[in-house]
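Q: Please see the structure below; I have some questions.
Nothing in this text is a laboratory measurement; each read-out follows from the coordinates by a stated rule. Nothing here was measured: the structure is a model prediction, and the numbers come from that model. Ideal geometry is used to build each Cβ from the backbone, glycine not excepted, and the neighbour counts take in all protein chains shown.
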Amino acid sequence: MTLIKSISGIRGTIGGPVGENFTPIDIVECTAAFGQWTLDRTGIQRVVVGRDARISGKMVQELVVQTLIALGIEVIDLDLSTTPTVEMAVTDEKAGAGIILTASHNPAQWNALKFLNEKGEFISAADGAEVLEYIASRKMDFVSVDALGTRINKIDAIEKHITAILSLPLIPVAEIKKRNFKVVLDPVNSTGSLALPPLLEKLGCNVQLIHGEPTGHFAHNPEPLPHHLKDLSRAVVENQADFGISVDPDVDRLALVCPDGSMFGEEYTLVAAADFILAHTPGATVSNVSSSLALKDVTEAYHQTYFSAAVGEVNVVTKMKEVNAVIGGEGNGGIIYPDLHYGRDALVGVAFILALLTERNTDLKSLKETYPPYEMVKDRIDLDGSLDKAQVLQKVRDHFQNDKLNEVDGIKVEWPDRWVQIRASNTEPILRVYAEAPNLSAAQSLVDQVKSILS
């Protein structure tokens, strides 16, 4: 059982001792600290709250909302929503902050508080450090009974989000409708089932849902990785669909399945979206250092410049603003389109994929074959107390001292057509070991090499 208080939010498993797990006491304390920090920083007495459908969501929602009310804050409660919808609602409602109640791809026993600033963007590392200081020092000042905040329930935030996407100049709505795409959607029993069907239907798609009830009882591991998507792959083939869509519980990651049931590859979601955007809007692209080389290759094919950033949405957004990127994201299926908002958004990603397939009059399998072929292996090492992260990194650094090292985030060893990286996870007590190469065996060999150094 785990509780992780970090600069990127508060995450943990439900139940157990206070201070060691994600308990009601910890939820109230961390919410109060963030609420007080927001008031002190912005003076705006309004916060947007939304959640995914996981089992503990309603309980966490009530604790968060009532704590904010006790601080004199007006809560705009979106209830079941998506991460990108909450992000957009913060600015729409002119709020001082937002809180998303989701543990993203983590299993059902996890939940989390993810903190947004007044721009609807994840708070920076410096801001996160201040919030942690508020938590540690208990800098909260609750209001008297006659100054309590209020709760306003909003039910149209997802609809506004969809409208904003369909209004983007690059989305040829009428042309997409003519294709009559047949799509199978797996929202893994969470809020993707509320957001994606209406978007797809407005784009003329015939939608077949699997695992579509937003109960929070995830039918499979909620991370949209190939070995978790066997039901979707099978359903695509059985329904003779044009492609399949999988999202994580809070709908900021997008994975696709080709018409033959094969995986398009979550790393290529961003690549395809960038291909579409760059064809219409020249400019820089950004992804994190754990993402595929394919984005760099595609960007340079358009004679544009690719930049990398440390893992984490806030780091990618910072770099995107710095270089005025036209699109960016992370190789886990996260697409960030700044003309809509600075946040990973599976909904806009779906719209871009439909637009690209329509514009090129092709299918997803054929589209994948136009991109540089890379294979990636994603492995992990559990931190059990016997491993010291600093010592681990030093061993890797020493072993590869004659190769090109990128230490933006952990250690990444780079060659022209492949790389291997080891870094500490931002969300779990593990070390991630990723590698990419032109074929799977070469990528696996790089991972095995790094793990053998530590054995």
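Q: Could you work out how far the C-alpha centroid of the range 1-56 sits from that of the range 121-164, in angstrom?
A: After rounding, the separation between the Cα centres reads 10 Å.
Q: Another question about this same structure. For the range 3-155, what is the convex hull (Cα atoms) projected area averaged across all directions, in square nanometres? Numbers along the way, then the final one.
A: Working: hull surface 32.0 nm².
The number I arrive at for the range 3-155 is 8.0 nm².
Q: Could you tell me which of the pairs Lys94/Lys389; Lys230/Lys389; Lys365/Lys404; Lys296/Lys451; Lys114/Lys160 are separated by over 32 angstrom between their Cα atoms in the structure shown? Numbers along the way, then the final one.
A: Working: Lys94/Lys389 41 Å; Lys230/Lys389 35 Å; Lys365/Lys404 34 Å; Lys296/Lys451 27 Å; Lys114/Lys160 22 Å.
Flagged as over cut-off: Lys94/Lys389; Lys230/Lys389; Lys365/Lys404.
Q: Going by C-beta contacts inside 10 Å, put Arg51, Arg234 in order with the fewest on the left.
A: Arg234, Arg51
Q: Here is a further query. Once both labels are modelled 7 Å past Cα along the beta-carbon direction, what's the Glu62-Glu159 spacing in nm?
A: Label at Glu62, label at Glu159, 2.8 nm between them.
Q: Here's another thing I want to ask about it. For the range 213-294, what does the relative contact order come out to in percent, with C-alpha contacts under 8 Å and a separation of six or more?
A: Answer for the range 213-294 is 21 percent.
Q: Quick one: compute the contact order of the range 3-155, relative version, from alpha carbon pairs under 8 angstrom and 6+ residues apart, as a percent.
A: Taking the mean separation of contacting Cα pairs over the length of the range 3-155, I get 32 percent.
Q: Moving on to the next point. State the dimensionless ratio Rg/Rh of the chain (Rg: radius of gyration of Cα atoms; Rh: Kirkwood radius).
A: 0.96
Q: Hey, got the dipole for the chain? About the Cα centre, +1 on K and R Cβ, -1 on D and E Cβ, debye to the nearest 20?
A: Around 160 debye, computed over the chain.
Q: Once you have the Cα-Cα distance between Ala174 and Asp40, take 0.36 nm times their residue separation minus that, and quote the gain in nm to one decimal.
A: Full extension of this stretch gives 43.5 nm more.
Q: Now a separate question. So what's the convex hull volume per residue for the Cα atoms of the range 253-343, in Å³?
A: Numbers: hull volume 8.1 nm³, N = 91.
In the range 253-343, the Cα hull volume divided by residue count equals 89 Å³.
Q: Stretch Ala136-Ala279 to full length: gain in nm at 0.36 nm per residue minus the Cα-Cα span?
A: Using 0.36 nm per residue and subtracting the Cα-Cα distance, I get 46.6 nm.
Q: Same structure, new question: Give the Rg (one decimal place) followed by the Dmax (whole number) of the range 375-454, computed from C-alpha coordinates and expressed in Å.
A: Looking at the range 375-454, its Cα Rg and Dmax stand at 11.9, 35 Å.
Q: Please turn the phi angles of the range 179-188 into ³J(HN,Hα) values with the Karplus equation 6.51 cos²θ - 1.76 cosθ + 1.60 (θ = phi - 60°), one per residue in order, whole Hz, x for glycine and proline.
A: With the stated coefficients, the range 179-188 comes to 6, 6, 4, 9, 10, 9, 10, 10, x, 6 Hz.
Q: Report the charge-dipole magnitude of the range 111-168 in Debye, nearest 20, computed about the Cα centre from +1 at each Lys and Arg Cβ and -1 at each Asp and Glu Cβ.
A: For this selection, approximately 160 debye.
Q: Sorting check: for 266-276, 6-16, which peptide has the highest mean count of neighbouring beta carbons within 10 Å, and how do the rest follow?
A: The packing order, highest mean first, is 266-276, 6-16.
Q: Further question: Counting alpha carbon pairs within less than 8 Å and at least 6 residues apart, what relative contact order, in whole percent, applies to the chain?
A: Relative contact order, the chain: 12 percent.
Q: Tell me, what is the Rg over Rh of the range 327-446, with Rh the Kirkwood radius over Cα pairs?
A: My calculation of the ratio gives 1.05.
Q: OK, next. Step through the residues of the range 339-346 one at a time and calculate ³J(HN,Hα) from phi using the Karplus curve (6.51 cos²θ - 1.76 cosθ + 1.60, θ = phi - 60°), rounding each to whole Hz and writing x for Gly and Pro.
A: Rounded to whole hertz, the list is 5, 9, 5, 8, x, 5, 8, 5.
Q: Mind listing the Cα extents of the range 161-368 along all three principal axes, in Å, largest one first?
A: Dimensions of the range 161-368 along the principal axes of its Cα atoms: 43, 35, 30 Å.
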